[in-house]
Amino acid sequence: MKVGAVTESVEVTSAASALETDSSDRGQVVSTAAVTELPLNGRNYADLALLDANAVKSPLADSFSATGTPREGAFNVNGMRSTYNNFLLDGLDNNAYGTSNQGYSAQLVQLSPDALAEFKIITGNYSAEYGRVGGAVVNAVMKSGTNELHGSAYEYLRNTDLDAIGFTFSPAVFQKPTLQRNQFGFTVGGPFVKNKLFFFADYEGFRQLQRYLNFDSIPDMNDRNGLPAPNGPGRSNNDEALLLIRDYGDKFDAKIDGQINDRMTAFIRFSQRKDLQYYAPDLTGPSGGDGNGYIHVIDQNASLGYTWTITPTSLFDARLGFSHLLGGKTPPYVGGPSLSVQRQLAKDTVFTLTYNGNHSLRLPIIGDYNEAAPYNPSARLTYTARVPIPTFGPITWLDPAGDNHYNGLSANVEHRFAKDLYFLNSFTWGSAIGDSEQALEYYAGYFQANPQNIHDLAAEVGPSSFDEKFNNVSTLIYQLPFGKSRKYLSSANSLTDAFLGGRELTSINTGHTGTPIDVVYSASGNNIVSSLSNDYRGQPFLRPNVTGSAVSRPRSEMLNNYFAGYTFSTPSASDPFGDVGRNAFRAPNFDQWDCSIDKNFQIRERARLQFRAEFFNFLNHTNFGIPDTKTTDAAFGTIRTTFPSRQGQFALKLMF
C-alpha cells in the first residue's frame, strides 16, 4: 500500500495541466526537481529565475574582480533595475533594503535549495495581491514538517585541483588561482504532535578561500624609488598578483507549523545568516591598502502567519514579519503592453510566445546637484566659483527623473518532467534603453554609467548597463532509463543496479550578447565639474569625443586594443561633455555550459545516497571580462580579466 501511494502521488503531479488556463500571470514555475538537481554555482536558488525569458543576470551579480562584492539574487527582468524585483517568502516581504552592497543579497533570507518547497517567478500581468513590483515577483515557500521524519545531509567540495587553468595573460609569471570551498549542511523535518504540530529546520555552512588574478599599472624602476618593483613588462598592466578573498558564512532557518483545526493553520519561522569576508588590497600601503578589508554581515528575520478558511469562498490570512534591516525603495511608475500566446505541442510540452513592453518613469537618479558649469575662458573662474551654490561642496541628489524603455520578444519551449525528462529553452530578443542607472548595478569593482551632465538628461539616453540584445538559456534534466523502476533493466539485481541504475544528467547552457560599456575620461584642471569621487554618490563620468569605426582584429590584438579603429580625444574645458554616447560600446559575448553527472544509491526503502559531479563552464570556454574604459588610463582598451575557467565540484548527499 505504501508503494502504491507514492506512485499515485507522482502520477498526479506529472498530470498537471501543461497550459496555463486559470491565470493571466506570465511566469515560470520552477519544479522541485529543477531546484534540487540542476547545477547551481554557489547553491543560490534565486539563480533559477534566469531560466525564464526576459530575465538577465545583473552585472552586479558577476565578479571577475578582486575588489568586487557581488550581490546574490540580482537580476533584471523586462528591462527594469534589479532593486525593483519583489522577493516573497511564505507570503511575506523578503527584500533586503540595506543601502550597502558589501556582502548583502537582494533577498533577506537566502534559503538553501534543499529547504525550498515551492518557487515561482512572475514576470508580467501581476495579480493585485503582489502589490509593489516593477520587475519580477519571486515567490518562494519554505518546507514544512510532516507526520514522518524526513531530512538530508550534504557536503559540496571544491579545490584548486578540480579547476582548469584557463586563459593566461602572462605565461612567464602565471600561477593557478587558488579556490578551496566547502559547502555543507542538513535539513530535518517531522512531527512534534502527529496531525497537529510539525517542525522543519535547516543549516548551511560556507567556507571559501579564493584568489583572483589582478593587474595594476605602476611606475617602473626609472620612475620611482622605494616602491615594490613591477613583475611584468611595459608601462601598463605590469604588476600581476593573486589577491585573497576569504568568505566564511553560516545560516539557518527554523519553522514550526500548527494545524489548529480543520479550518485554521499557523506557522512561525526564524532565520539568520552570518557572514565574515576579507578582501586583500591589490597594492599594500602604510594604512593597509585599497582593499575592502573585513566585512561582517548579520541578517535576521522572524515571521509568523495565520490562515482561517471561514467558508469555501472566504479566507482570512494574516502575516507578520520583523527584520533588523530597515528602509524602503522609491516606487517608479511602470506600465506597458504584454501579449502572450501559448500552445501545447504534445503531451507535457508547451510553446509560449510573448511580447513584453515597459515604460518606467520617475526612476531615481543619483547625481551632484552642485555640479559646476563648464569653464568659461573669458571669465576664468575656478571650479568652486562655477558651482550653483558656492558655499557648499558636492551635494548628492536623488532626482526622481529617470526614464527607461524596454521591448522584449521571447519564445519558450518547455517539456514538463515526464518519462524521466525535463527540458526548458528560453530565448529573448530585447532592448533596454534609458537615461540613467541605479547605484550598485554594474560589475562589482567597476564604475557606474552615471550621467556626465545631470542637467541634460536628454543627452544621456542609451542602452541600460544590463541590456542584452539576445539571450538564450537551455535547461535539461535527464534520468537515464536503466536500473530499477526504469524502462530498461528494471528487474536487474542489486549489483547491476548499483553500477548502471540511478544515473542522471543535468545541464544549463547560457549564451548572450555582450553588455554595454561606458567609455569615459578622468577630468583634470578646468575640465572638472564635480569633486565627488564615488559613483554610488552620483559622481559624474565625463565622456570623450570620438571618430572612426570598429575594425576586425584577432583575439591577441583585441586584448591589448579593444577599441581598435576608434580615436578618442579629451574635450576642451569650455565644452567638457564629449560626443560619445552613454554605454555606446559592448563587452565581449558570453557563453557557458554548466552540467552535472549524478548517481543515486538506494540504501533502504526510504533512504538514498546521491553522488554529484558538477562542472561549471564545462568546456572551459574563455569568457573575457570588460576592457579598461578610461581613455586617460595607461591601460585603456586592454582586457586583463576573464570569467572563471572550468570549475569542478563533488558532492555527497544523504536523503531520508
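Only the coordinates and a few stated rules stand behind these numbers; no lab work does. Small disclaimer: the values here were computed from a predicted structure and weren't measured. Using ideal geometry, Cβ is built from the backbone for each residue, glycine included, and neighbour counts are taken over all protein chains shown.
Descriptive notes on the structure:
- Packing-based exposure ordering (other Cβ within 10 Å, fewest first) of D598, D239, D456: D456, D239, D598
- Extension gain from Y488 to H150, taking 0.36 nm per residue of separation minus the Cα-Cα distance: 118.7 nm
- Stokes-Einstein D in µm²/s, Kirkwood radius over Cα pairs - region 78-209 at 20 °C with 1.002 mPa s viscosity: 117 µm²/s
- Subtracting the Cα-Cα distance of T313 and H621 from 0.36 nm times their residue separation leaves 105.3 nm of extension gain.
- Between L505 and T265, the contour length at 0.36 nm per residue exceeds the Cα-Cα span by 82.5 nm.
- Over region 2-655: Kirkwood hydrodynamic radius from C-alpha pairwise inverse distances, Å: 27.1 Å
- Scanning residues 5 or more positions from F601 or on other chains, those with amide H under 5 Å from its amide H are L609, Q610, F611, with H placed 1.01 Å from N in the peptide plane.
- Each residue of region 577-587 is assigned a 3J(HN,Hα), and the resulting list reads 8, x, 9, 5, x, 5, 6, 7, 10, 10, 6 Hz, derived from the Karplus form 6.51 cos²θ - 1.76 cosθ + 1.60 (θ = phi - 60°), x at Gly and Pro.
- In nm, spacing of pseudo-spin labels at Q342 and R604 (7 Å Cα→C-beta vector): 4.2 nm
- Placed amide H near R26: partners under 5 Å, 5+ positions off or other chain: T123, G124, N125
- Per-residue Karplus couplings for region 631-640, computed as 6.51 cos²θ - 1.76 cosθ + 1.60 with θ equal to phi - 60°, are listed in order as 5, 8, 7, 5, 9, 3, x, 9, 10, 9 Hz, Gly and Pro entered as x.
- Packing-based exposure ordering (other Cβ within 10 Å, fewest first) of Y212, Y306, Y488, Y126: Y488, Y306, Y126, Y212
- Along region 261-266 the Karplus relation, 6.51 cos²θ - 1.76 cosθ + 1.60 evaluated at θ = phi - 60°, assigns HN-Hα couplings of 7, 6, 10, 10, 9, 8 Hz to successive residues, with x for each Gly and Pro.
- In loop segments of region 339-412 as defined by DSSP, the chymotrypsin sites (Phe, Trp or Tyr not before Pro) with at most 11 further C-beta atoms inside 10 Å of their C-beta are F392.
- Cα-based radius of gyration of region 503-656 once divided by 2.2 N^0.38 Å, which approximates compact folds: 1.57
- Taking the fewest neighbouring Cβ atoms within 10 Å as the starting point, the ordered list for D161, D202, D216 is D161, D216, D202.
- With R₀ fixed at 22 Å, the C-beta to C-beta distance from S531 to I433 puts the FRET efficiency at about 0.10.
- CD proxy at 222 nm, helix term only [per DSSP H run n ≥ 4: -39500 (n - 2.57); per residue of the chain; nearest 500]: -1500 deg cm²/dmol
- Net +/- balance of residues flanking K630 in space, Cβ distance below 13 Å, scoring K and R +1, D and E -1: -3
- Radius 14 Å from Cβ of S524, net charge of other residues (Lys, Arg +1; Asp, Glu -1): 0
- Given +1 at the Cβ of Lys and Arg, -1 at the Cβ of Asp and Glu and no other charges, the dipole of region 2-655 around its Cα centre is 1180 debye to the nearest 20.
- Charge sum, other residues only, whose C-beta stays under 10 Å from S596's C-beta, Lys/Arg counted +1 and Asp/Glu -1: -4
- Listed by chain and number, the aspartates and glutamates whose alpha-carbon sits under 12 Å from that of K630, ignoring those within fewer than 8 places in the same chain, are D518.
- Leading residue at positive end of dipole, region 2-655 (Cβ point charges), from V461, A498, F169: A498
- GluC sites (Glu not before Pro), loop per DSSP, at most 14 other Cβ atoms within 10 Å - longest free stretch of the chain: 149-604
- The alpha carbons of region 534-603 give a radius of gyration and a Dmax of 21.5, 78 Å, in that order.
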